[in-house]
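The structure appears below as structure tokens.
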Amino acid sequence: MKLLKDKILEEGRVVGEDILKVDSFLNHQIDVELLKEIGKEFKNRFNNKKITKIITIEASGIAIATLAAQYFNVPVVFAKKTESRNLDNDTYESQVHSFTKGITYSIKISKRYLNEEDHVLILDDFLANGQAALGLIDLVNQSKAVVEGIGIVIEKGFQQGGNLIRAKNIQLESLAILQSFEEKQIRFK
């Protein structure tokens, strides 16, 4: 997706050898017009799939999923990372290790919002080692729903996540795939 790649080159900042900061437009401050175009692109790439729900993980995936959902005309369900007294007790639960934060946490979705009748599109901002996507796949599998595909805004092609998902024969659509950050220069596949 040229618009996204141009934005990454213009505003993305490489930190260390494996972190790309896109907080100026994707996961801190949000460029709503760009996210609308991202939503349209996901709709185009998954247009042949029967989608009844879009799921993601709080917090960065929520804006992406919400703007995409308007083109699918389906609800968004997000897996919660934090304990809350107002979260149903009857939940699907999985463990996810965060590459960025270096911690493992539980993610939960209420059983009220995901069931065997659902056909799910998983959306998220980044795919690095694949742990968030695998955790969401696990939640969908627990509910006996069908994973129709996974949409990722930015995939780090030099890490294992994409290969792990593709090995599961799930349609994976990444809008920008990074090849490397050599000498702090962003290179796409």
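If one takes the longest principal axis of the Cα atoms in the chain, at what angle in degrees, from 0 to 90 and to the nearest 10, does the Cα axis of helix 131-143 lie?
So the inclination is approximately 20 degrees.
Summing Lys, Arg as +1 and Asp, Glu as -1, what charge do residues with Cβ under 14 Å from the Cβ of residue 133 carry, residue 133 excluded?
-3
What is the angle, in °, between the Cα long axis of helix 2-11 and the longest principal axis of the Cα atoms in the chain? Nearest 10 is fine, range 0 to 90.
Once rounded, the angle reads 70 degrees.
Where does the longest stretch of the chain lie that holds no GluC sites (Glu not before Pro) found in a DSSP loop with 13 or fewer other Cβ atoms within 10 Å?
The longest uninterrupted stretch comes out as 118-189.
Please report the antiparallel percentage of the DSSP beta bridges confined to the chain, to the nearest 5.
If I count the DSSP bridges inside the chain, around 40 percent turn out antiparallel.
Of 126, 160, 115, which is farthest along the charge dipole of the stretch 93-189 in the positive direction, counting Lys and Arg as +1 and Asp and Glu as -1 at C-beta?
Farthest along the dipole direction, towards plus: 160.
Using the Cα centre as the reference, give the magnitude of the dipole from point charges on the C-beta atoms of the stretch 2-188 (Lys, Arg: +1; Asp, Glu: -1; all else neutral), rounded to the nearest 20 debye.
Its charge dipole is roughly 280 debye.
Would you please classify the overall shape of the stretch 2-188 from the alpha carbon gyration tensor, given that a ≥ b ≥ c denote the square roots of the eigenvalues, rounded means a/c under 1.5, and beyond that prolate means a/b larger than b/c while oblate covers the rest?
Taking the square roots of the gyration eigenvalues as a ≥ b ≥ c, the stretch 2-188 is prolate.
Every number in this text was worked out from the coordinates using simple rules, so none of it is lab data. Given the structure is predicted, the values throughout are model-derived calculations rather than measurements. Cβ sites come from the backbone with ideal geometry, for glycine too, and all protein chains shown count toward neighbours.
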